[in-house]
């Protein structure tokens, strides 16, 4: 075999061995971080940052629809957030209800199906009612799934799945990844292709610990209230330039 033929053979082998570069992320998760810092830099109350964050979420949902994202999961309120000052938590609950009521008509019109991931038993009655209303009125949406992580913690989710296995009396020999995954808060939620965290922080903060085992991670310096289509496109472009190996070579 001459040198040219050998080079062609090696090139074909390399193409087979290397995973395809993903064209785009179909499932995206976002840790929406930086609302309080955004407000402090402008000498505004913290709730002003959270309010600006709801506008950023609206921009991001619209951009995700335009970019062909099929599933978007956002970290809205963690299990640890209950430890914040009571006045801030109460303001957040009021803002949550206000934002859902404002955005609901557009979500229905745009074909977005919204669902919640996490606990509901600790939420105020008004919040639970608006959650139920949002899920019911967007149930027919088929264009994109919006998953809102509320009172959510990744460790608590895994503990709850283990508890369910015990309560159901599952034989230990039948416990595998599928058995656990089917008992998570939202078994139907796709595992994220891409996880984005805003504000320059580089950690997971107890978000989707099971689901992001092989997700691509992108950390951006932009504070969440300033996030929008440009930043989402940039994260998707970075994702598209990577090779997903899932543990293989």
Q: Go through (1) in contact (Cβ under 8 Å) with a residue 24 or more places away in the chain; (2) in contact with a strand residue (DSSP E or B) (Cβ under 6 Å, 6 or more places away or on another chain) one by one and return the number of the condition residue 217 breaks.
A: (1)
**Q.** Subset of the range 166-180 (residues that are closer than 29 Å to residue 72 by Cβ and either surrounded by 15 or more Cβ atoms within 10 Å (Cβ to Cβ) or in contact with a helix residue (DSSP H, G or I) (Cβ under 8 Å, 6 or more places away or on another chain) (or both))
**A.** 179, 180
Q. What pairs can you find where one residue is in the range 80-91 and touching a residue at least 12 places away in the same chain (Cβ under 8 Å), the other is assigned to a helix (DSSP H, G or I) and exposed (fewer than 12 other Cβ atoms within 10 Å of the Cβ), and their Cβ atoms are less than 8 Å apart, with a gap of 6+ or different chains?
A. none
Q) Which residue pairs have Cβ atoms under 7 Å apart, sit 6 or more places apart or on different chains, and have a first residue in the range 193-212 that is on the phi > 0 side of the Ramachandran plot and a second that is in a loop (DSSP other than H, G, I, E, B) and surrounded by fewer than 18 Cβ atoms within 10 Å (Cβ to Cβ)? A) 200/221
**Q.** Check on residue 141, over 17 Å from residue 181 (Cβ atoms), in contact (Cβ under 8 Å) with a residue 24 or more places away in the chain, touching a strand residue (DSSP E or B) at 6+ places or on another chain (Cβ under 8 Å) and surrounded by 13 or more Cβ atoms within 10 Å (Cβ to Cβ)
**A.** yes
Q. Quick check: is even one residue across the range 136-152 more than 30 Å from residue 110 (Cβ to Cβ) and modelled with pLDDT of 95 or more?
A. no
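The values are calculated or read from the model by the stated rules, or taken from the named source; none is laboratory data. Note that the structure is predicted; figures quoted are calculated from it, not measured. Every residue, glycine as well, gets a Cβ built from its backbone with ideal geometry; the counts of neighbours run over all protein chains shown.
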